[in-house]
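As structure tokens, the structure follows; a few thoughts come after it.
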Amino acid sequence: MGTTTARPGFDEDVRLLLRARPGLRLDAIDTGATPGFTGDKEDGLALRAARNGELADLQRLLYANAVAADAPYRLLLVLQGMDTSGKGGILTHVLGGLNPHGVHTHGFGRPTEEEAARHFLHRVRRQLPRPGVIGGFDRSHYEDVLVPVVHGMLHGDRLEHRYAEIRDFERELALEGTVVVKVFLHLGRDAQRRNLLARLEDPTKRWKYDPSDIDARRRWHDYTAAYEGALRATDADHAPWYVVPTDRKWYARAVVQDLLISALAELPLDWPEPAFDVEEQRRLLSRD
């Protein structure tokens with residue numbers, strides 16, 4: 001009898017492999033690993049290309065149910081990670097091939113003066129996806145925890161209060177029909193150096209380089225501790241955190257695509273039946 005070769009792809013449920021757990025230690029996770037994936041970069045790129053249609057079909061199903069059946073479901077992908085971890089690339093390569101009518105993405109930078117004068121969730125609520133839409137956040141409400149914590153402006157009871165506000169906010173989203181998928185793109189410090197140097201070498205990407213990235217690198221351990229605290233405090237079954245190694249960006253993109261497909265496939269959706277008589281409309285068209 002001949003032997004069979006396993007098909008490259010995910011041989012385990014990445015939701016179980018990569019879910020943030022109590023006692024999470026980011027420095028214990030290999031940022032260059034590809035947990036659950038059998039194959040190399042070429043296999044990863046091929047798998048993601050092959051599954052684009054699967055994700056697109058689920059997006060259409062989600063959109064159709066919102067438009068034709070008033071279903072409340074929508075999906076929010078939250079991407080967090082150090083600079084050059086690939087947040088924008090995931091929005092481009094994973095969501096970029098979907099119907100733009102069913103996608104809403106937004107990047108959160110430093111709050112404007114007007115935004116800073118309001119509650120920190122105000123600007124986030126304004127960018128939430130409506131029913132039937134997949135939303136993608138490049139950074140998010142978590143920036144209003146991470147940066148203040150690293151710079152010593154938020155701690156103790158005030159920090160715990162902010163975590164509680166985030167937990168309540170995400171619980172509210174889930175009750176309204178939002179599927180929340182939160183991804184921490186776990187980048188290694190050496191990989192970030194390579195990415196930053198590559199930006200400086202490429203004239204088409206040099207504009208993305210920010211000298212303040214050097215300051216952030218000097219606070220690497222502080223940011224790591226802040227992320228660990230946020231992930232531990234806000235992981236929940238209705239709004240899970242996944243820690244995705246991202247030194248190999250092809251792997252991270254394939255993982256996020258897989259997470260979205262799994263989340264959408266579990267929704268109680270089917271193609272909505274029309275309110276009109278199909279046969280009658282067919283007869284009318286045949287006589288037209």
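Summary table below
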{"read-out": "Complete set of residues in the range 76-101 that are over 14 Å from SER140 (Cβ atoms) and either among the hydroxyl-bearing types (Ser, Thr, Tyr) or surrounded by fewer than 23 Cβ atoms within 10 Å (Cβ to Cβ) (or both)", "value": "ASP83, THR84, GLY89, THR92, HIS93, LEU95, GLY96, GLY97, LEU98, ASN99, PRO100, HIS101"}
{"read-out": "Residue count for the range 245-288, restricted to those that are crowded, with 21+ Cβ neighbours inside 10 Å and over 20 Å from ASP43 (Cβ atoms)", "value": "1"}
{"read-out": "Near pairs, Cβ below 6 angstrom, 6+ apart or cross-chain, from the range 229-241 (among the basic types (Lys, Arg)) to any residue that is open to solvent by 10 Å² or more (accessible area, probe 1.4 Å) and assigned to a loop (DSSP other than H, G, I, E, B)", "value": "ARG232/LEU24"}
{"read-out": "The range 174-202, residues that are part of a helix (DSSP H, G or I) and open to solvent by 30 Å² or more (accessible area, probe 1.4 Å)", "value": "ALA174, LEU175, ARG189, ASP190, ARG193, ARG194, ASN195, LEU197, ALA198, ARG199, LEU200, GLU201"}
{"read-out": "Failed condition for ILE214, given (1) at pLDDT 95 or above; (2) loosely packed, with under 13 Cβ neighbours inside 10 Å", "value": "(1)"}
{"read-out": "From the options ARG130, ARG118, ARG123, residue that is out of contact with any strand residue (DSSP E or B) (no Cβ under 7 Å at 6 or more places or on another chain), in a loop (DSSP other than H, G, I, E, B) and either of a type in the set (Lys, Arg) or open to solvent by 50 Å² or more (accessible area, probe 1.4 Å) (or both)", "value": "ARG118"}
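Conditions tested, residue by residue: (1) over 23 Å from ALA252 (Cβ atoms); (2) open to solvent by 80 Å² or more (accessible area, probe 1.4 Å); (3) acidic (Asp, Glu); (4) touching a residue at least 12 places away in the same chain (Cβ under 8 Å).
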{"residue": "THR34", "(1), (2), (3), (4)": "no, no, no, yes"}
{"residue": "GLY39", "(1), (2), (3), (4)": "no, no, no, yes"}
{"residue": "ASP43", "(1), (2), (3), (4)": "no, no, yes, yes"}
{"residue": "ARG48", "(1), (2), (3), (4)": "no, no, no, yes"}
{"residue": "GLY53", "(1), (2), (3), (4)": "no, no, no, no"}
{"residue": "ALA56", "(1), (2), (3), (4)": "no, no, no, yes"}
{"residue": "GLN59", "(1), (2), (3), (4)": "no, no, no, yes"}
{"residue": "ALA71", "(1), (2), (3), (4)": "yes, no, no, yes"}
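The values are calculated or read from the model by the stated rules, or taken from the named source; none is laboratory data. These figures come from a predicted structure and were not determined experimentally. All Cβ positions, glycine included, derive from the backbone under ideal geometry; neighbour counts span all protein chains shown. Just the protein is used for accessible areas: all its heavy atoms, side chains included, with ligands, DNA and RNA removed. Shrake-Rupley method; radii C 1.70, N 1.55, O 1.52, S 1.80 Å.
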